[in-house]
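Worksheet for the structure shown next.
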Amino acid sequence: MNDDKISFNENSKNQQLEMFRARDNQDKAMTTDQGVKISEDEFSLKAGVRGPTLMEDFHFREKVTHFDHERIPERVVHARGAGAHGVFEVYESMKAYTKAKFLQDPNVKTPVFVRFSTVIGSRGSKDTTRDVRGFATKFYTEEGNYDLVANNMAVFFMQDALKFPDFVHANKPEPHNEIPQATAAHDTFWDWISQNQESAHMVMWAMSDRAIPRSFRMMEGFGVNTFRFINDEGKAHFVKFHWKPTLGIHSLVFDEAEKIGGKDPDFNRRDLWENIDMGNHPVFELGVQMIEEKNEFAFDFDILDPTKLWPEEDVPVRIIGKITLNRNPDNFFAETEQIAFHPGNVVPGIDFSNDPLLQGRLFSYLDTQLIRLGGPNFHELPINRPVCPIHNNQRDGYGRQTINVGQVAYHRNALANNSPYPVSEQEGGYVHHQEKVEGHKIRARSDSFKDHFSQAALFWNSMSPPEKEHIINAFAFEVGKVKDKSIKQRVVDMFANVNLDLAKAIAVKIGSIPPTTGGSTVTKSSPALSQENTLKSAYTRKVAIVIAEGFDFNQVNAVIAALQAAGAQPAIISDKIGVIKGSDGNQLEAIKSFITDSSVVFDAVYVDGGKYASPLFEMDASQFLKEAFIHYKPISGTNEGKAWIENEKMGNSLGVFLGYEGNNDFIVKFVQGIAAHRFWDRILV
Ligand code: HDE
C-alpha cells in the first residue's frame with residue numbers, strides 16, 4: 001500500500017547528512033545569506049573614515065544579527081555532551097521477543113548517533129566532575145527513529161517524575177548566588193536527598209567510582225526504566241536495556257578527576273574524539289534483561305520501580321548486538337547540540353511499562369525540545385531526520401523546511417484519496433500493547449515501592465574494599481562541603497539504614513555524631529556491580545614517557561615499542577616541547593611538556609630521565625612520579641628515572657617497575673601493570 005521506496009543500509013544516514021553538508025567554502029567568493037557577493041568584510045560602511053556607521057550596511061547588519069542569535073538555550077539537564085556516529089548490528093534475530101525490525105537480521109547495519117553527557121553542569125563546565133553520565137542513542141531504523149535514552153547508572157534518584165524539577169533545582173547551583181557549578185557538593189542537594197529517602201540507592205551509585213569515569217568508552221549504559229518487548233503474536237516481556245563496553249568499566253580517582261578539571265576540562269570529550277580519530281572505535285554490546293509478564297510479581301522488589309535494578313545474577317543480561325562508534329561529528333552544533341532524544345521515540349515491537357518515572361519522562365522531552373530547538377519542526381534538522389519517509393498532515397510553524405505541496409492537509413479526505421492514511425498492525429502500524437488497567441485516580445505510591453534501603457545495601461555489599469573506601473571518601477567530600485549541620489546529620493542517619501559502618505565512617509570525617517543503631521539485614525551481593533570484576537587491558541591507555549637531554553635512546557625505544565604493541569598510547573614529555581637528544585646522539589620529539597601536562601592526564605608514567613637533566617627537571621619528573629604514585633598508577637623507571645624513584649622511596653612498592661641494565665623483563669611487567677589499571681593495595685606512606 002505504501003509505495004515509498006525505502007533505501008536503507010548502513011550508509012543511509014550518512015548519505016542523508018551529506019545532502020546538508022556545506023563543504024564548498026574552499027576557493028569561493030564570500031556572499032551574504034541572500035547570495036550577494038561581498039566586497040569588504042573588515043570595515044563597516046561609514047560616512048567618512050572617522051564617521052558613524054550607516055544603517056544601510058546590510059552586510060554588517062546580517063553578520064552581526066546572525067551572530068547575536070547564535071546561541072540556543074542549553075539543555076536544562078545534560079547540557080554538556082559529546083557525540084559520535086556509528087552503526088548497530090544485532091547478533092541474532094530477536095523475533096521470539098520483539099518484532100522491532102532492527103532487531104531481526106544480523107546483516108542489517110542500523111546507523112546510530114550517540115551523545116554522552118554530564119547532567120548537572122552547564123555547557124562550559126568540566127568533564128570530570130562527580131556526576132551521572134548520560135548515554136543516549138538514536139537508532140535510525142527503517143521503521144523510524146528509536147531512542148534509547150540511558151544513563152551510566154542503573155537506577156534513579158526518585159520514583160515519580162513529579163519530583164524531578166525539585167531534584168534538579170536542589171542539585172543545580174543555588175539560586176541566590178549561582179554557586180557551586182557542576183557539583184552536588186552543597187547544602188540544597190543534600191537537603192533534598194535527606195528528605196527523599198527513595199534516593200538512597202542512586203546516591204550510593206553517585207558516590208561510587210561510576211560517577212568519575214576514566215572515559216566515555218569505558219562506561220556501562222542502563223536504560224533504567226522498564227520497557228516492554230512485543231513480538232508478532234502480541235506477547236510481551238518486560239525488558240531493561242544495558243550497554244556493556246568491550247573495554248570494561250574504569251574510573252578515575254577523585255583527586256585526579258578534580259585536578260584534570262583544571263588541566264584538561266575536556267578530558268572525556270577529547271578522549272572520545274581522539275580515539276575515534278585514530279581508528280580505535282569504541283564498541284558497546286547491547287544487553288537485555290527480560291521478564292515474562294506472568295512473573296511481574298515474582299521478585300522481592302517491584303520491577304516497575306526505577307530505584308531498583310534487576311540483579312544480573314537473578315535475571316541474566318542477554319547480549320544481543322553491538323554499536324561501533326566509527327565517525328566523529330562534522331559540526332558540534334549541527335549534530336551534538338541539535339540532536340533531540342526522547343524515550344517516547346519507539347518503533348513497533350518496543351512499548352512502555354507503567355513505571356511512573358518513565359511515564360513522566362514521556363511528557364518532558366518533547367516539551368523541553370519545543371523551546372530549546374525553537375518550535376515544532378526540529379525533527380527536520382538533519383541530525384534528527386528519520387531515514388524512512390514521513391507523511392502526515394502536520395504543517396507550518398517556525399523554521400519549517402519541507403515544502404508540502406497540494407491542497408489537502410487533513411485526514412480524512414476524499415480530494416487526495418484519503419492519503420496519507422493509517423495502516424494496520426500487519427502493515428507496520430504502531431499498535432500500543434493492550435494492557436488491562438484498573439484503578440482509582442489517586443496521588444499515592446504503591447506499597448511495593450516503599451523499601452528504599454535493601455538495594456542500596458546490596459550495592460554496598462557488592463563493592464570491593466577499595467571501592468568502599470572511595471564511597472566513604474566521596475561522602476566525606478560532598479557532605480563535608482555542606483554548611484548546615486542538621487543536613488549533614490540527616491544524611492548520616494539516612495545512610496545508617498544502608499550500612500552502619502558506612503554511616504559511622506562518614507560521620508567521623510564530617511564532624512557529625514556517629515549513629516549507634518541501624519544497618520540493613522540484607523547480606524546479598526551482586527558481583528556484576530563491582531568494577532573490580534570488569535575487563536582490563538592496556539589498549540588505548542595513555543602513558544607518559546619522560547625524558548631529558550642525554551636519555552637512553554635504545555632503552556626508551558624498547559619501552560615505546562612494547563607499549564605500542566599492546567595498543568597503549570605513549571607520549572613523550574620533557575621540560576620543553578621539541579627535539580630531545582639522547583646520549584648516543586639519536587633524537588626523539590617531545591610533544592608535551594611539564595607545563596602543558598601533568599601526570600593526572602595519563603594512565604601510567606615511565607621516566608628514563610637523561611644524563612644532562614637539571615635539578616629542576618628532576619623535581620618536575622619526581623612530581624610526575626609522586627602524583628602517579630598516590631593515584632595508584634603503574635610507574636616505571638630506568639637510568640636516572642630509576643634513581644629518582646628510589647630517592648622518593650617508591651622503588652619497592654606495588655605497581656612500580658624498575659629497569660636494570662641489560663634486562664628488559666620490567667617492560668613486560670610494566671605493560672601488564674598498565675592493563676591492571678590501578679594498584680589499590682599500594683601502601684601510601
Ligand atoms: Fe532525562 N531529561 N529526565 N533522564 N535525560 C533530559 O531532555 C527527564 C531520566 C537522560 O544527550 C531532558 O532534551 C525527566 C532518566 C539523558 O540530549 C529533559 C525525568 C534517565 C538525557 C529530561 C528524567 C535520563 C536526558 C533535558 C524523570 C536515564 C540527555 C534535555 C525524572 C534512563 C539526552 C532534553 C541528550 C535529558 C527529563 C530522568 C536520561 C528535561 C522528567 C531516568 C541521557 O526532558
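The values are calculated or read from the model by the stated rules, or taken from the named source; none is laboratory data. Quick caveat: nothing in here was measured; it's all calculated off a predicted structure. Note: ideal-geometry Cβ built from the backbone for every residue, glycine included; neighbour counts use all protein chains shown. The protein model used for the area step is the full one, side chains on, heavy atoms only, and it has no ligands, DNA or RNA in it. Shrake-Rupley method; radii C 1.70, N 1.55, O 1.52, S 1.80 Å.
If you roll a 1.4 Å probe over the stretch 31-70 with all protein chains in place, what percent of the accessible area is carbon or sulfur? Present the calculation step by step, with values, prior to reporting the outcome.
Values: 2000 of 3570 Å².
Of all accessible area on the stretch 31-70, carbon and sulfur atoms account for 56 percent.
Using the per-residue mean of other Cβ atoms lying within 10 Å as a proxy for protection, in what order, highest first, do the peptides 170-180, 535-545 fall?
On the way: 170-180: 13.5, 535-545: 20.6.
Per-residue Cβ counts within 10 Å, averaged per peptide and sorted highest first, yield 535-545, 170-180.
With label points built 7 Å along Cα→Cβ from the Cα atoms of ASN14 and GLN359, find their separation and express it in nm.
Roughly 4.4 nm, to one decimal.
Compute the Cα gyration tensor for the stretch 456-532, then decide on rounded, prolate or oblate, letting a ≥ b ≥ c be the square roots of its eigenvalues: rounded whenever a/c is under 1.5, prolate when a/b is larger than b/c in the other cases, and oblate in all that remain.
Details: a/c = 2.62, a/b = 1.57, b/c = 1.67.
It comes out oblate by the Cα gyration axes.
Mind checking the stretch 13-93 for trypsin sites (Lys or Arg not before Pro) that DSSP puts in a loop (not H, G, I, E or B) and that have at most 15 other Cβ atoms within 10 Å?
ARG21, ARG23, LYS28, ARG50, ARG71
Restricting to the chain, compute how many DSSP beta bridges are antiparallel as a %, nearest 5. Each step should come with its number before you reach the end.
Values: 63 of 82 bridges.
Counting only bridges with both partners in the chain, antiparallel ones make up about 75 percent.
When a/c reaches 1.5 or more, the comparison of a/b and b/c decides; with that in mind, is the stretch 536-676 rounded, prolate or oblate per its Cα gyration tensor? Numbers along the way, then the final one.
Working: a/c = 1.28, a/b = 1.21, b/c = 1.06.
The shape class here is rounded.
Given a 1.4 Å probe and heavy atoms of the protein chains only, how would you sort HIS242, HIS391, largest accessible area at the top?
Details: HIS242 10, HIS391 110 Å².
Most to least solvent-accessible, the answer reads HIS391, HIS242.
Using label points projected 7 Å from each Cα along Cα→Cβ, tell me how many nm separate TYR660 and SER583, to one decimal.
1.8
So for each of 363-375, 461-473 I average, over its residues, the number of other beta carbons within 10 Å; can you give me the resulting order with the highest mean first? Numbers along the way, then the final one.
Working: 363-375: 15.2, 461-473: 18.1.
Those peptides, ordered most packed to least, come out 461-473, 363-375.
Rounded to the nearest 0.05, what FRET efficiency is calculated for LYS485 and GLU178 with R0 set to 25 Å and r the Cβ-Cβ distance?
After rounding to 0.05, the efficiency reads 0.55.
On full extension of the chain, what length is gained from THR517 through LEU616, given 0.36 nm per residue of separation minus the C-alpha to C-alpha distance?
Values: separation 99, 0.36 × 99 = 35.64 nm, distance 5.46 nm.
Stretched out fully, the THR517 to LEU616 stretch lengthens by 30.2 nm.
How many nm separate the modelled label positions at ASN557 and HIS281, each set 7 Å beyond the Cα in the direction of the Cβ?
Inter-label distance under the simple model: 3.4 nm.
In whole Å, how far is the Cα centre of the stretch 358-418 from that of the stretch 478-516?
51
Report in % the part of the accessible area of the stretch 391-541 that belongs to carbon and sulfur, leaving out ligands and nucleic acids; probe 1.4 Å. Don't skip to the end; give the middle numbers.
On the way: 4870 of 9510 Å².
That fraction is 51 percent.
Rounded to the nearest whole Å², what accessible area per residue is found for the chain with the 1.4 Å probe?
On the way: 32220 Å² over 685 residues.
Each residue of the chain exposes 47 Å² on average to a 1.4 Å probe.
Expected output is a single nm value to one decimal: the length gained when fully extending between GLU648 and ASP314, i.e. 0.36 nm times separation in residues minus the C-alpha distance. What is it?
Full extension from GLU648 to ASP314 adds 115.4 nm.
Farthest toward the dipole's positive end in the stretch 531-685, which of LEU654, PHE624, TYR606, given Cβ charges of +1 (Lys, Arg) and -1 (Asp, Glu) about the Cα centre?
The listed residue farthest towards the positive side: LEU654.
Taking 0.36 nm per intervening residue step and subtracting the Cα-Cα distance, what contour gain separates ASP105 from ARG327 on full extension? Present the calculation step by step, with values, prior to reporting the outcome.
Working: separation 222, 0.36 × 222 = 79.92 nm, distance 2.32 nm.
77.6 nm is the gain from fully extending ASP105 to ARG327.
Heavy atoms only, 1.4 Å probe, whole protein assembly: order TYR97, TYR140, TYR410 by accessible area, highest first. Walk me through the intermediate numbers first.
Details: TYR97 55, TYR140 0, TYR410 100 Å².
Per-residue accessible area, sorted high to low, gives TYR410, TYR97, TYR140.
Would you mind classifying the chain by shape? Square roots of the alpha carbon gyration tensor eigenvalues, ordered a ≥ b ≥ c; an a/c under 1.5 is rounded, otherwise it is prolate if a/b is larger than b/c and oblate if not. Walk me through the numbers before you get to the answer.
Working: a/c = 1.69, a/b = 1.21, b/c = 1.39.
It is oblate, given that a/c is not under 1.5 and a/b is not larger than b/c.
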